[in-house]
Each structure stands twice: as C-alpha cells, then as structure tokens.
Amino acid sequence: MNKLLSAGLISVCLFIVSCGNSGTNAPRTNANGEVKKGVAPIPDNEIAIIEMENSAAYGTIKLELYSNIAPLHVARFKELAKEGYYNGIAFHRINNTVIQAGNADTKPGAVAKPGKEGDSGKPNVPAEFSDIPYDTGILGAARLGNDINSANSQFFIMLKREAAFDNKYTVYGKVIEGMNNVRTISGAPTAPGTERPVEPLRIKQITIAPR
C-alpha cells in the first residue's frame, strides 16, 4: 500500500488502504496518478442518504456527490446503493480521522476470504484524483491494495483536515447533513488495540434521492 510521507500517519493510511487483489478486469487505469486541477466540484442533482440500523443512536448522513470530479466513482457508488449492496454492511474501521465502510465481509453471515477484504465483485474503478483538499466531511474512495486503481466499493468519510491524503485518494462527495452522526460513529467503542468497533455499526441502507 502507499506509504504517506509522515510516519505518524502510517496507521491512518493502513486504515484506508485495505489489503487485497486489485482485479484483472478493471476499466482503463490512471497508472500515473494524474490530478485534475482547478475544477470546482459541482454537486449532482441527486444525493446519497446513509441510514443506520440503530437510527436512534447513529441517525442519518446525507452526502452530495461530484460527478464532474469523479464520474466513475460516483456511478459505482450509486449503482451499488441502488442494488442494495450496502444494506447490512458495517462501518468496520473508525478513528478520529475517518470512518470506513463498504466491505462485503461485514454483512451478516458473510464468510471472509483469506487474504482478500470483501468487495462488490465488480471490476475495480481507476483513480480520479483531484486537488480538492481532504477536509472535514469529504467522501473518499478506499482502495483494496497498493494499486491506485484498486478502488471498488469501500468508502471513507473524513472527520478532520488531513493534508497527507490530498492527491492520493479519489474525492467524490461531501457530507451536507449529519456530521454529528459521523462523529458519533467514530466515537463508538473499539476492541483494544484496534480500530474495529466492538458492536457492528450497520448501515440499514443507502438511498439515492433527488437533491
């Protein structure tokens, strides 16, 4: 996986970049990591609504999506949401910088595959880097391995500014409502010495709705 320049951020990088196979059927890649510069994000006319199973504790998170910045990532996120892929999936890694979800292995009854963290089964999505800074509320694409083009189904939401992520992970949206719920999720108890929640923080569903 890519190592961030600051040694103090290695654990956060590990949090976001999961180990796994990058897949052989991926679309055209962005192998050189080109960065789209000077393009302001334009919110789609649809938003994503994350509803938690324990709504009384964790509520709802609403995100705007930026197809003009990362069309392939937005299309994949919408596709998976509409197919119900995220229903029952848990936020499996949390800390004071990000919360992350999208791993199919966290679904009830799922059997993890050794050496590979669960994905959607669809081809990976090539990187769509931009110069949008990684700040509070930003929605980013996690990767399944070292390859910058190995994003698939996992996503993370930022709790604070993290300059070390800039130009290294695809930005494709931002929280517009429910940051208090993001913070509540990030503060849930974790197993000692890990970033794994003690109790599953399950997503009931993610819906795509008109803005």
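The values are calculated or read from the model by the stated rules, or taken from the named source; none is laboratory data. This one's a predicted model, so the numbers in the text were calculated from it and none came from an experiment. Using ideal geometry, Cβ is built from the backbone for each residue, glycine included, and neighbour counts are taken over all protein chains shown.
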Mind telling me which of the residues 209, 164, 188 ends up being part of a strand (DSSP E or B), on the phi < 0 side of the Ramachandran plot and either aliphatic (A, V, I, L, M) or modelled with pLDDT under 95 (or both)? 209
Give all pairs with beta carbons closer than 8 Å in which a residue from the stretch 58-77 that is at positive phi and surrounded by fewer than 24 Cβ atoms within 10 Å (Cβ to Cβ) meets a residue that is of a type in the set (Val, Ile, Thr) and at pLDDT 95 or above; count only pairs at least 6 apart in sequence or on separate chains. 59/184
Can you tell me how many residues within the stretch 127-161 are outside any loop (DSSP other than H, G, I, E, B) and without any contact (Cβ under 8 Å) to a residue 60 or more places away in the chain? 1
Checking residue 195 against (1) touching a residue at least 60 places away in the same chain (Cβ under 8 Å); (2) more than 18 Å from residue 66 (Cβ to Cβ); (3) in a loop (DSSP other than H, G, I, E, B); (4) out of contact with any helix residue (DSSP H, G or I) (no Cβ under 7 Å at 6 or more places or on another chain), the condition it does not meet: (4)
Inspect the stretch 4-19 for any residue being more than 20 Å from residue 128 (Cα to Cα), at pLDDT below 50, of a type outside the set (A, V, I, L, M, F, W, C) and part of a loop (DSSP other than H, G, I, E, B) and give the result as yes or no. yes
Is it true that residue 88 is in contact with a Ser or Thr (Cβ under 9 Å, 6 or more places away or on another chain), at positive phi, touching a residue at least 24 places away in the same chain (Cβ under 8 Å) and surrounded by 15 or more Cβ atoms within 10 Å (Cβ to Cβ)? yes
With the checklist (1) within 22 Å of residue 82 (Cα to Cα); (2) at pLDDT below 95; (3) buried (at least 16 other Cβ atoms within 10 Å of the Cβ) in hand, flag the one item residue 124 doesn't pass. (2)
